[in-house]
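The values are calculated or read from the model by the stated rules, or taken from the named source; none is laboratory data. Please read all numbers here as calculations on a predicted model, not as lab measurements. Methodologically, a virtual Cβ is constructed for each residue, glycine included, from the backbone with ideal geometry; neighbour enumeration extends over all protein chains shown. Just so you know, the surface numbers come from the protein's heavy atoms only, side chains and all, with ligands and any DNA or RNA stripped out. Shrake-Rupley method; radii C 1.70, N 1.55, O 1.52, S 1.80 Å.
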Amino acid sequence: MARPNEQVGALLQEYADLVAITGGAPYRARVYEKAARSVAGHHLDVSTLDAAGLREIPNVGDSIAAKVVEYFRTGRIEEVERLRARIPAGVRELTQIPTLGPRKAMMLYDERGIASVQDLLDALDAGRLRGLKGFGPRTEENLRHGITLLRQAGGRVTLDVAMELAEEVVAALSALPQCERCTYAGSLRRMRETVGDLDILAASTKPRSLMKALTGLSLVSEVIAHGDTKTSVRTTAGMQVDLRVVPPESWGAALQYFTGSKAHNVRTREIAVRQDLKLSEYGLFTVPPAQRRHRRKATLTGEPASGEGPPAESTEPTEPAEESGPPEAGELVVSKSEQEVYARIGLPWIPPTLREDRGEIEAARDGTLPDVVTEQDIRGDLHTHTDLTDGVAPMTEMVAAAAERGYDYYAVTDHAPNLYMQRMTDEKMLAQREQLHALAKRYPHLTLLHGTELNIDPDGEVDWPADFLAGFDICVASVHSHFNQTRAQLTRRLVRACENPHVNVIGHPTARLIGHRQPIDVDLEAVYEACADTGTALEVNASPDRLDLNDEHLLAARRHGVKFAVDTDAHAVAHLDYLRYGVGTAQRGWLTAGDVINTWPLRRLRTFLRKGRKGREKP
DNA sequence: GCCGTTTTCGGCCCGACTGTTTTCAGTCG
């Protein structure tokens, strides 16, 4: 993704925060927030767009387009500078503290001159918050606690960590007789690459027993909030878990609501409002005429515009809404399943991984939602290791596990000699090939492919000469070192690897490790072009520490006609299960099965792997 | 400030929980 988009997105987000802190009109802050996301996620490089082009981006109008143009012309946005001069950066930082939002942050600054997290800590220690309106002893305690949490590294965890915890909590709650349904929702269900806190949803007529069960789990270290329908706890590992319990009839609406994203929900609720419906976690409801937003229209059609007149009779028999829950007016329309809820507001069901307000609402409305790739579509794994190099399981076990998964094909791709610590030799590689061919006889329904993961050296060269490479069924090539080359060098390096007629897949293309190593600085657009031109696939590495390429890259890359391989890079049998994170990421990138080479039948895959080379055609 | 298979003006998602306050603002998701 082009960097300028992220720069401008961050700047617009900062402006939104500053507007909120200074108490500007709430809708203004919101609109800049929406624009920030639209710009950051836009598929074109915004630095190349003029004002008219910028206005094509959703939520960008005259005013914001002018600010973006100003930014690329002068390197700054005057209006942002004006607010920056008024509000120290530290005040914005204060809003990162849980339970401290923009209003209170501004009050701390105005009334006590607090302009950083450290200032706040000092003020707390000195008792200088006493007497400040809205800051009682509990609030002081919460702020101290919040600062401690903030200082504990970021707070987001990778998908596998979140999933493991979620499955444990869901299993514990599901075992209760009072629990009718239970699942995880939120960013985990959407398969975001990291998860901040866990959203667990349950259906029950006896919510209290479920809440009690959650707070009683041994992994709970602290109860943050405890109400009638919602309980929040923190685990011993520091993760926040929110449990919401809804009546069983509300399951679909609640699941839709708690899956998010927030931006997606805002859109679906707006669509409901335009149809004089109200969507909440309890269901989709009619709005009595007296409460309708579109009062003007109501007046025009002769309905009562306001006042206490009786609600218009619906043509259908009135069914008393039995649900508990706050909506006291309006009839329940639907709530049992997500499908019903979407259908009633005129949309097909949208896969959770697409629910980010990145165009899925429009696509759903136009009937152009992608038929995203699923785990069942995957016919094989094309990047895996054994204990011949740095894997921990022997090839026999890895292959047996692959057969168990029902794969049609499976590639063993151990490291090549240039990754010196792996001590690979030509002889060892050829011996492995023999063993693999022998092993293949045991698995008549599984085609075993012999491959390798090559190392792309600083010049873009790989480990072996062409004649040796020609002996492999598949070659993955990856960057494993020299991450700090210049952008030009790194780009050239990857493009050269693509141009190698024996390189089929670029493994973990940005080489990032989530939370540990930044992605390499490479012109991905150039790499996408090279891949499309040369018939080289880009990997969607499913390892939860990598997820590389990520969803945003995929959204950009697919526009170039690139093909992808969703691979686990498994170094152990258990890692083969990481596939779901790779598939989730692929879905978030709107990839279909057709985009992913390892969903293809073997024949088609083999043709792709020949990469147009001569002399490899087999009878 | 943006936006319109109802609108070029008049709206802008909705509810739970907490803490502090006596009826609600702020925060969060």
Practice task
Of the listed pairs A:LYS206/A:LYS230; A:LYS206/A:LYS336; A:LYS441/A:LYS611; A:LYS563/A:LYS611; A:LYS34/A:LYS262, which have alpha-carbon separations greater than 21 Å here?
Solution key: A:LYS441/A:LYS611
Practice task
Any chance you could tell me what percent of the C-alpha pair distances in segment A:1-130 go past 26 Å?
Solution key: 30
Exercise for the section: Please list, in chain and number order, the residues 5+ apart from A:ARG546 or on another chain whose amide H is under 5 Å from its amide H, with Hs placed from the backbone. Expected result: A:ILE514
Fill in the blank from the handout: So, with points 7 Å from each Cα along the Cβ direction, the A:ARG73-A:ARG181 label distance in nm works out to 5.4
Completion exercise
tail above 14 Å in the computed P(r) of segment A:11-73, as % of all Cα-Cα pairs, reads 53
Practice task
Take the Cβ-Cβ distance between A:MET107 and A:ALA403 as r, set R0 to 60 Å, and report the resulting FRET efficiency rounded to the nearest 0.05.
Solution key: 0.40
Problem - With eigenvalues of the C-alpha gyration tensor scaled by 5 and rooted, segment A:354-454, Å - result: 36, 18, 10
Completion exercise
At R0 = 56 Å the Cβ-Cβ FRET efficiency linking A:ARG28 and A:LEU602, nearest 0.05, sits at 0.50
Completion exercise
Expressed in nanometres to one decimal, the distance between label points 7 Å along Cα→Cβ at A:GLU375 and A:GLN518 is 3.5
Completion exercise
So A:LYS336 and A:ASP390, fully extended at 0.36 nm per residue minus their Cα-Cα distance, gain in nm 14.6 nm
Exercise for the section: Quick one: angle between helix A:487-499 and the longest Cα principal axis of chain A, in degrees between 0 and 90, rounded to 10, please. Expected result: 50
Exercise for the section: With runs of 4+ DSSP H residues as the only contributors, calculate the mean residue ellipticity of chain A at 222 nm using -39,500 (n - 2.57) per run, divided by the residue total and rounded to the nearest 500. Expected result: -12000 deg cm²/dmol
Problem - Inter-probe distance in nm under a simple model that places probes 7 Å from Cα toward Cβ, at A:GLU461 and A:ARG138 - result: 6.9
Fill in the blank from the handout: proj_area_mean for segment A:415-545 (convex hull on C-alpha atoms), units nm², value 8.9
Practice task
Report, to two decimal places, the Cα Rg of segment A:374-420 normalised by 2.2 N^0.38 Å (N = number of residues).
Solution key: 1.24
Handout entry: Heavy-atom accessible surface of segment A:375-610: percent carbon and sulfur, 1.4 Å
Key = 49
Practice task
Provide the FRET efficiency to the nearest 0.05 for the A:HIS43-A:THR148 pair, computing r from the beta carbons and using R0 = 45 Å.
Solution key: 0.65
Exercise for the section: Would you please report the Å³ per residue occupied by the convex hull of the alpha carbon atoms in segment A:157-246? Expected result: 75
Completion exercise
Taking Cα atoms, the helix A:262-274 axis meets the longest principal axis of chain A at an angle in degrees (rounded to 10) of 50
Exercise for the section: Give, to the nearest whole percent, the P(r) tail of segment A:375-610 beyond 32 angstrom, counting all Cα pairs. Expected result: 11
Exercise for the section: Subtract the Cα-Cα distance of A:ARG274 and A:ARG610 from 0.36 nm times their separation in residues, and report this length gain in nm to one decimal. Expected result: 115.6 nm
Handout entry: Globularity index of segment A:488-619, i.e. its alpha-carbon radius of gyration over 2.2 N^0.38 Å
Key = 1.03
Handout entry: Isotropically averaged projected area of chain A, using the convex hull of Cα atoms (one quarter of hull area), nm²
Key = 33.9
Handout entry: Degrees separating the helix A:102-112 axis from the principal Cα axis of chain A, which is the longest one
Key = 70
Completion exercise
Diffing segment A:44-57: the Karplus 3J(HN,Hα) column from phi (6.51, -1.76, 1.60, θ = phi - 60°), in whole Hz with x for Gly and Pro, holds 9, 5, 5, 6, 9, 9, 8, 4, 5, x, 5, 5, 5, 6
Fill in the blank from the handout: Cα-based Rg and Dmax for segment A:190-242, in Å, come out at 11.5, 34
Completion exercise
Karplus-derived 3J(HN,Hα) from phi for segment A:171-182 (6.51 cos²θ - 1.76 cosθ + 1.60, θ = phi - 60°), whole Hz, x at Gly and Pro, runs 5, 5, 6, 4, 6, 6, x, 6, 8, 8, 8, 7
Exercise for the section: Give the Cα extents of segment A:136-210 along the principal axes, in whole Å, largest first. Expected result: 40, 34, 16
Exercise for the section: Write down the percent of antiparallel bridges among all DSSP beta bridges whose residues are both part of chain A, to the nearest 5. Expected result: 45
